[in-house]
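Would you mind keeping the following structure in view while I ask a few things?
The values are calculated or read from the model by the stated rules, or taken from the named source; none is laboratory data. Here the structure is a predicted model, which is why all the values come from computation and not from measurement. Cβ sites come from the backbone with ideal geometry, for glycine too, and all protein chains shown count toward neighbours. The protein model used for the area step is the full one, side chains on, heavy atoms only, and it has no ligands, DNA or RNA in it. Shrake-Rupley method; radii C 1.70, N 1.55, O 1.52, S 1.80 Å.
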Amino acid sequence: MDIDRKAFLDSLGRAEGVARMGHEARADALESHMMSELNNAIAAKKYPTAAEVEEQIETHPYRAGVGFMMVSRSGEHVKKLPPMPEKPMLADFFRLRFADTAYHCLQSANLATKNGMSEEVVLACLLHDVVQEIMRTDHGWWGAQLFEPYVSERVAFAIRYHQTLRYYADPSVGYEYPELYRQLFGGDYVPPPYIEATYQMVRKHKWYMEPRMVAVNDLYAFDPNVVVTIEPFEDIIGRHFKQPKEGLGFDGSPVAHMWRTIIRPDQPL
Ligand SMILES: [Fe+2]
Ligand SMILES: [Fe+2]
């Protein structure tokens, strides 16, 4: 390993410091300096660069933005989906369709409950990522659109902008930039200008803390011993989610087709 002589001497207090050290202390200092350099080198190497992430585009048979239910990322064939009730309710989608995202969203809503969040923030946490079953790119906007006819403006705001706030730390609430994002987007990734502009707008908005609390409770470090189901959230859903009597997908709303797409993703047209 190449040793940066100046950095090493600085860490020992320059030449005077070294002169005062015994032979063994010097060897120890050199070893610990090399260990820390090695750790730094490993840490720096841990994340791909944004350019390396872009290089990976042509190594997959699908695009990164495609929804989880739409393509198998393991290479295995997709499975037939269970039938849905004629008039499906939100909980039916959690049980029968949101296979890849339900667990993460339930865990986040559970954490938000434990952290004493408002019912609207808990609901936003419960719903925040499920649209990723059909589309991942700009999922904050897609998700808000999917739920907008059925939730309050504040809940839709929280869902829409949680995506943007994930890229920006807020030490006042202990939110740090996620390690996962360094892996996913590259260690040197800079969000595009529209995300930065959205952040500036949301940061000044009176509802800033709504999407921020979704980001704070956005939980990736799951406890596998904690099994969370949709049942504990049925009351909150009952109070804050307007279930259409015809069932989601069949109420003639401007987003009904999105729900039908989730119900029948094997329909070719
Ligand atoms: Fe998200
Ligand atoms: Fe999330």
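Matching residues to (1) out of contact with any His (no Cβ under 8 Å at 6 or more places or on another chain); (2) over 26 Å from residue 204 (Cβ atoms):
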| position | (1), (2) |
| --- | --- |
| 117 | yes, no |
| 120 | no, no |
| 123 | no, no |
| 126 | yes, yes |
| 134 | yes, yes |
| 144 | yes, no |
| 149 | yes, yes |
| 152 | no, no |
| 158 | no, no |
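Also, I was wondering about something else. Which of the residues that make up segment 136-152 are open to solvent by 50 Å² or more (accessible area, probe 1.4 Å) and in contact with a helix residue (DSSP H, G or I) (Cβ under 8 Å, 6 or more places away or on another chain)?
Hits for segment 136-152 are 136, 141, 142, 145, 148.
Follow-up. If residue 95 satisfies all but one of (1) away from ligand 1 (no atom under 16 Å from the Cβ); (2) under 23 Å from residue 60 (Cβ atoms), what's the number of the condition it fails?
Exception for residue 95: condition (2).
So in segment 93-107, with the set limited to residues that are in contact (Cβ under 8 Å) with a residue 60 or more places away in the chain and not hydrophobic (A, V, I, L, M, F, W, C), which one is most open to solvent (accessible area, probe 1.4 Å)?
95
Scanning segment 108-160 for residues that are in contact (Cβ under 8 Å) with a residue 24 or more places away in the chain and of a type in the set (Asp, Glu), which turns out nearest to ligand 1 (Cβ to nearest atom)?
129
OK, next. Looking only at helices (runs of 4 or more DSSP H) that lie completely in segment 157-269, which have at least 1 residues being open to solvent by 50 Å² or more (accessible area, probe 1.4 Å) and of a type in the set (Gly, Ala, Ser)?
Of the helices (runs of 4 or more DSSP H) lying wholly inside segment 157-269, those with at least 1 residues that are open to solvent by 50 Å² or more (accessible area, probe 1.4 Å) and of a type in the set (Gly, Ala, Ser) span 193-204, 234-240.
For segment 171-217, which positions are among the acidic types (Asp, Glu) and within 16 Å of ligand 2 (Cβ to nearest atom)?
176, 179, 210
Test of understanding: among 148, 231, 176, which residue is of a type in the set (Asp, Glu) and farther than 22 Å from residue 114 by Cβ?
Every option except 148 fails the conditions.
Next up: Just for segment 59-92: of the residues that are touching a residue at least 12 places away in the same chain (Cβ under 8 Å) and among the small types (Gly, Ala, Ser), which one is most open to solvent (accessible area, probe 1.4 Å)?
64
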